[in-house]
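Presented below is the structure to which this report refers.
The values are calculated or read from the model by the stated rules, or taken from the named source; none is laboratory data. Worth saying up front: this structure is predicted, and the values here are computed from it rather than measured. FYI the Cβ positions are ideal-geometry reconstructions off the backbone, even for glycines, and counts take in every protein chain you see. When the accessible area is computed, the model is the full protein with side chains, heavy atoms only, and any ligands, DNA or RNA have been set aside. Shrake-Rupley method; radii C 1.70, N 1.55, O 1.52, S 1.80 Å.
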Amino acid sequence: MIKGVAGVPDILPSEIRNWHYLEAKARQLLENYGYVEIRTPIFEKTELFVRGIGPDTDIVKKEMYTFSDPRHESLTLRPEATAPIMRAFLQHKMYTKGSLVKVYYLGPMFRHERPQAGRFRQFHQIGAEAIGLENPSLDAEVIAMVDHLFADLGIQPIKLLINSVGCKVCRPEFRKRFTVYLEPKVAKLCPDCQERLKRNPLRILDCKNEACQEVIAKAPKLTAVLCHDCGSHFRQVQGALSFLKVDFTINERLIRGLDYYNRTAFEFVNPALGAQNALAGGGRYDGLAEEIEGVSTPAIGFAMGMERTLASLSPALRDPSPSFEGTFIATLGDEAFRSGMLISQELRKKGEKVVLDFEGRSLKSQLRWANKEKFRYCVIIGDEELKKRLVILKDMASAEQSEVPISQVIDRILSFAREKRT
Ligand code: AMP
């Protein structure tokens, strides 16, 4: 038997309500903040990610699903959506100087990681990008929006960590100090970090290895060397967050796994989730557009992991039981089945949800099933009643039932449905 790929889960019908719930909440909220959906392709030219995310990041070095197409062009399944969105923004000239473009997305991302609880090779993100301005109040609005989304979803308590990762001006100074601190301790670092020390030492801050964590615990701090502009930006972001009453903790080690970030970096964590506790992350990426050869364009965004967010929903929300809705048509006999088909088509054309038994089950088991599936009404058509041109209409919530002329059943259900809606 051919099974699915490890770390690439199916989303089954039994889980889909939760996904729809999360998607609907997120869309509504993001649109309330002025974001409009964008859909970029599932794969892009490999170079976009190498340049955008950074050649020394784990994502680019180890985690990309890269393949050649028949014309030998190197393509990659998107591991994230920020670089593709910036590519689309530049390609379609969505910019006008000094103005802001707000877009959101949702969909699958692909990273070849070691599958474990909360870590998949195909996973889903909802995210947003605010492109065009450097204004620190915008950073605060994006962070407050994510905070708002988690509150709306009833996910609490959740911790917000923020940091400033500096910019092209101040990061080299930090890099120098950090390297000087690390060089005598190189033997204590993991093999990956020994390599990182030569190529991109800042990535060491992101290493999960315990020995490396111990070494960096006493390392110089990035915020201590921020240039004037980055320092001021960071203070203004904190001021705006406090003003908006969004609680945060400064975490000077927070650097995030993608090279394009500058200044503001943030992460929302759910301590209850164990090792894979990051629910969402993001930050400012003013240099990304230039990196992929576009006009310099400041921007900030976030991405939320949908699987981990769903795992954080309270059990009541995680399994929102369907309310009584729609009509089930139970039939007994061939002629009854044919009438049932006609009635269902008619009702569906009027916009109602109707399901008919195709399995030839007994009346009792059809009704049991309709009850389990929480249908609001049941129309029972038996060959005997049919001779009298009657059907039984049963209200599944109250269990009341009555005989109704078959010619009136559609109108009766439609008028019940209308009453329920008003
Ligand atoms: P990133 O794009 O790495 O900043 O990740 C943003 C969010 O996506 C994280 O906070 C996670 O919630 C989620 N995420 C990232 N990688 C994975 C993965 N392999 N499996 C499940 N969720 C992930």
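Being open to solvent by 50 Å² or more (accessible area, probe 1.4 Å) and either touching a residue at least 24 places away in the same chain (Cβ under 8 Å) or more than 22 Å from the chain's Cα centre (by Cα) (or both) narrows it down to one of N270, N209, so name that one.
On the way: N270 fails: open to solvent by 50 Å² or more (accessible area, probe 1.4 Å).
Exactly one of N270, N209 is open to solvent by 50 Å² or more (accessible area, probe 1.4 Å) and either touching a residue at least 24 places away in the same chain (Cβ under 8 Å) or more than 22 Å from the chain's Cα centre (by Cα) (or both), namely N209.
Can you confirm whether the stretch 13-35 contains a residue that is on the phi > 0 side of the Ramachandran plot and at pLDDT 95 or above?
Taking the stretch 13-35 first, the residues on the phi > 0 side of the Ramachandran plot are 34.
Those still in the list that are at pLDDT 95 or above too: 34.
Within the stretch 13-35, one or more residues are on the phi > 0 side of the Ramachandran plot and at pLDDT 95 or above.
How many residues, within the stretch 296-313, are more than 21 Å from R284 (Cα to Cα), more than 8 Å from the ligand (Cβ to nearest atom) and polar (S, T, N, Q)?
Qualifying residue count, the stretch 296-313: 1.
Within the stretch 279-286, identify whether any single residue is at pLDDT 90 or above, in the same structural domain as Y21 (by TED's automatic domain parsing), crowded, with 18+ Cβ neighbours inside 10 Å and more than 16 Å from the ligand (Cβ to nearest atom), and answer yes or no.
Keep residues of the stretch 279-286 that are at pLDDT 90 or above, which gives 279-286.
Keeping just the survivors that are in the same structural domain as Y21 (by TED's automatic domain parsing) gives 279-286.
In the following step, the residues that additionally are crowded, with 18+ Cβ neighbours inside 10 Å were identified as 279-286.
Okay, now just the ones that are also more than 16 Å from the ligand (Cβ to nearest atom), so 286.
Yes, some residue in the stretch 279-286 is at pLDDT 90 or above, in the same structural domain as Y21 (by TED's automatic domain parsing), crowded, with 18+ Cβ neighbours inside 10 Å and more than 16 Å from the ligand (Cβ to nearest atom).
Could you please tell me which pairs satisfy a Cβ distance under 6 Å, a separation of 6+ or placement on different chains, a first residue in the stretch 147-166 that is open to solvent by less than 30 Å² (accessible area, probe 1.4 Å), and a second residue that is part of a loop (DSSP other than H, G, I, E, B) and among the hydrophobic types (A, V, I, L, M, F, W, C)?
Hits for this filter: F150/I158; L160/F248; L161/L254; I162/F248; N163/L254; S164/L226; V165/I255; G166/L226.
Look through P201, P220 and report the one residue that is away from the ligand (no atom under 16 Å from the Cβ) and open to solvent by less than 30 Å² (accessible area, probe 1.4 Å). Can you show your working first?
Numbers: P220 fails: open to solvent by less than 30 Å² (accessible area, probe 1.4 Å).
So the residue among P201, P220 that is away from the ligand (no atom under 16 Å from the Cβ) and open to solvent by less than 30 Å² (accessible area, probe 1.4 Å) is P201.
What pairs come up if the first residue lies in the stretch 298-316 and is under 25 Å from A83 (Cβ atoms) and touching a residue at least 40 places away in the same chain (Cβ under 8 Å), the second is part of a helix (DSSP H, G or I) and within 10 Å of the ligand (Cβ to nearest atom), and their beta carbons are under 6 Å apart, counting only those six or more places apart or on different chains?
These pairs meet every condition: G301/T82.
Within the stretch 182-198, can you find the residues that are surrounded by fewer than 16 Cβ atoms within 10 Å (Cβ to Cβ) and among the hydrophobic types (A, V, I, L, M, F, W, C)?
V186, A187 - these are the residues of the stretch 182-198 that are surrounded by fewer than 16 Cβ atoms within 10 Å (Cβ to Cβ) and among the hydrophobic types (A, V, I, L, M, F, W, C).
Take the stretch 362-373 and flag every residue that is over 12 Å from T327 (Cβ atoms) and open to solvent by 60 Å² or more (accessible area, probe 1.4 Å). Walk me through it before giving the result.
The first filter runs over the stretch 362-373 and keeps only residues over 12 Å from T327 (Cβ atoms), leaving 362-369, 371-372.
Hits for the stretch 362-373 are S362, K364, R368, W369, N371, K372.
Among the listed residues P84, P79, P115, identify the single one that is within 12 Å of the ligand (Cβ to nearest atom), in the same structural domain as E37 (by TED's automatic domain parsing) and either of a type in the set (V, I, T) or touching a strand residue (DSSP E or B) at 6+ places or on another chain (Cβ under 7 Å) (or both).
Values: P84 fails: within 12 Å of the ligand (Cβ to nearest atom); P115 fails: either of a type in the set (V, I, T) or touching a strand residue (DSSP E or B) at 6+ places or on another chain (Cβ under 7 Å) (or both).
Only one candidate passes the filter, namely P79.
Looking at R253, R263, which is the one that is touching a residue at least 12 places away in the same chain (Cβ under 8 Å) and out of contact with any Leu (no Cβ under 6 Å at 6 or more places or on another chain)? Full working, then the answer.
Numbers: R253 fails: out of contact with any Leu (no Cβ under 6 Å at 6 or more places or on another chain).
Just one listed residue meets the conditions, R263.
With the requirement that a residue be out of contact with any Asp or Glu (no Cβ under 8 Å at 6 or more places or on another chain), within 13 Å of the ligand (Cβ to nearest atom) and not β-branched (V, I, T), what does the stretch 243-273 give you?
Y261, A265, F266, E267, N270, L273, listed by residue number.
Pick from L100, L106: which is open to solvent by 20 Å² or more (accessible area, probe 1.4 Å), within 16 Å of the ligand (Cβ to nearest atom) and either under 21 Å from N32 (Cβ atoms) or in contact (Cβ under 8 Å) with a residue 24 or more places away in the chain (or both)?
Details: L100 fails: within 16 Å of the ligand (Cβ to nearest atom).
From the options L100, L106, the qualifying one is L106.
Name the residues in the stretch 44-85 that are closer than 21 Å to P115 by Cβ, open to solvent by 50 Å² or more (accessible area, probe 1.4 Å) and not β-branched (V, I, T), would you?
D58, K61, K62, Y65, F67
Residues that are more than 25 Å from L149 (Cα to Cα) and in contact (Cβ under 8 Å) with a residue 24 or more places away in the chain: does the stretch 19-41 have at least one? Steps first, please.
From the stretch 19-41, those more than 25 Å from L149 (Cα to Cα) are 41; that's our starting set.
Those left that are additionally in contact (Cβ under 8 Å) with a residue 24 or more places away in the chain: 41.
Yes.
Any idea which residue in the stretch 91-133 is modelled with the highest pLDDT, counting only those that are more than 22 Å from L149 (Cα to Cα) and hydroxyl-bearing (S, T, Y)?
This residue is S99.
Kindly indicate which of P115, P184 is more than 28 Å from A289 (Cβ to Cβ) and within 25 Å of the chain's Cα centre (by Cα).
Values: P184 fails: within 25 Å of the chain's Cα centre (by Cα).
Testing whether each residue is more than 28 Å from A289 (Cβ to Cβ) and within 25 Å of the chain's Cα centre (by Cα) leaves just P115.
State the number of residues belonging to the stretch 1-42 that are open to solvent by 50 Å² or more (accessible area, probe 1.4 Å), over 17 Å from the mean Cα position of the chain (by Cα) and small (G, A, S).
3
Looking at the stretch 220-247, which of its residues are within 22 Å of L202 (Cα to Cα) and outside any helix (DSSP H, G or I)?
Once the filter is applied, which keeps residues that are within 22 Å of L202 (Cα to Cα) and outside any helix (DSSP H, G or I), the stretch 220-247 yields P220, K221, L226, C227.
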